[in-house]
Amino acid sequence: MNDKQAVVDMLNADLRDEHAAVIQYLQHAYAIGEGEEACEIEAIAREEMRHFDWLAQAIVALGGRPDMERGKVDLSGGGPGEWMARDILAEEGAIAQYKKHIAAIADSKVKRLLQRILADEEAHHDIFTHLADKLAGGKAEAQEPLEMRKAEGVPPRVLDILQQGVRHEYTVILQYLYHNFVTPHCEVGRELEMQAINEMQHLGWLAEEVAELGGHPDIAHAALSLEGDTAQMLQADIEAERAVALDYTRQLDEIEDEGLRKLLARIRDHEVYHGAVLSDLLAEVEETAKPEEAPGP
Ligand SMILES: [Fe+2]
Ligand SMILES: [Fe+2]
Ligand SMILES: [Fe+2]
């Protein structure tokens, strides 16, 4: 037997590592660019997102709070072959840790979940090993580590706008996922999860633009507002949507490239829609939360 807190702590360690794996693999996929290999890596990142989701739900079911901090992301390495070697290492670390946690945890439901995830990690390890072989010889010339990449010849303001978008999208993904995990309100949770998935698309679009311009997407987040009841969480989310829709609208005037303008306008329109849907939900939540009319004397 172990106490719940010990299990929650183990699951939160796994959660932080899944979070890091998602970001590390996405960065590698963006840097590699178009092609079959990048697709395979993105598919693995999506599986890690599913693990993240399952672990967070298990943590909440045990009465814990999911830790939205991220584990260590390794962006070293001078090219695709070396990046795949880092990803193999990440999978080896995950496999070892899941095995340790499966042995340490008595709760059969949690054990079963971790076994399920472990099977994926073993498959990922094989895929990355295969990709490492395929990508090894590809680009022999030394490349700069990802974090040092600068987009040369791109107007700095355009890059700033894209990077600001990347940071915003990452921030709301984490915030909406967290709110979805902890709200007892099913409909709100479902909507926030849908919106988080939509924000992941935005993040992908903007990050791919940065990478295509030769830069390194800055996947860092601003302060998250995690506290409060469902109504307070929705208020924070509506505020985030309003602010970013305004930012994107202003930034549209600063961009000349027609393709980028269209992309930003499309994302902005999504944000306006998100804000409206969340406002409707907030009105519903507040309506049902109203105290019953007190009976007369
Ligand atoms: Fe995973
Ligand atoms: Fe994995
Ligand atoms: Fe977005």
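So the values come out like this:
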| quantity | calculated |
| --- | --- |
| Odd one out for residue 113 among (1) under 21 Å from the mean Cα position of the chain (by Cα); (2) buried (at least 17 other Cβ atoms within 10 Å of the Cβ); (3) closer than 29 Å to residue 76 by Cβ | (3) |
| Failed item, numbered, when residue 155 is tested on (1) assigned by TED's automatic domain parsing to the domain that holds residue 51; (2) without any contact (Cβ under 8 Å) to a residue 24 or more places away in the chain; (3) surrounded by 14 or more Cβ atoms within 10 Å (Cβ to Cβ) | (1) |
| Checking residue 28 against (1) within 10 Å of ligand 1 (Cβ to nearest atom); (2) within 30 Å of residue 150 (Cα to Cα), the condition it does not meet | (1) |
| Yes/no for residue 167 being farther than 21 Å from residue 34 by Cβ, in a helix (DSSP H, G or I), of a type in the set (Lys, Arg) and assigned by TED's automatic domain parsing to the domain that holds residue 48 | no |
| Close pairs from the range 35-57: first touching a residue at least 40 places away in the same chain (Cβ under 8 Å), partner outside any helix (DSSP H, G or I), Cβ under 6 Å, at least 6 apart | 56/66 |
| Pair list, Cβ < 9 Å and 6+ apart or interchain, from the range 87-101 residues that are without any contact (Cβ under 8 Å) to a residue 24 or more places away in the chain and assigned by TED's automatic domain parsing to the domain that holds residue 29 to residues that are outside any helix (DSSP H, G or I) and more than 12 Å from ligand 2 (Cβ to nearest atom) | 89/74 |
| Restricting the range 76-104 to residues that are part of a loop (DSSP other than H, G, I, E, B) and surrounded by fewer than 19 Cβ atoms within 10 Å (Cβ to Cβ), the residue that is modelled with the lowest pLDDT | 78 |
| Only listed residue being under 21 Å from residue 51 (Cα atoms), more than 16 Å from ligand 3 (Cβ to nearest atom), over 20 Å from the mean Cα position of the chain (by Cα) and not basic (Lys, Arg), chosen from 231, 119 | 119 |
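Conditions tested, residue by residue: (1) among the polar types (S, T, N, Q); (2) assigned to a helix (DSSP H, G or I); (3) in contact with a Lys or Arg (Cβ under 8 Å, 6 or more places away or on another chain).
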| site | (1), (2), (3) |
| --- | --- |
| 176 | no, yes, no |
| 184 | no, no, no |
| 195 | yes, yes, no |
| 202 | no, yes, no |
| 222 | no, no, yes |
| 232 | yes, yes, no |
| 241 | no, yes, no |
| 247 | no, yes, no |
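The values are calculated or read from the model by the stated rules, or taken from the named source; none is laboratory data. None of the values given here were measured: they were computed from a predicted structure. Don't worry about glycine lacking a Cβ; one is built from the backbone with ideal geometry, like all the others, and counts go over all protein chains shown.
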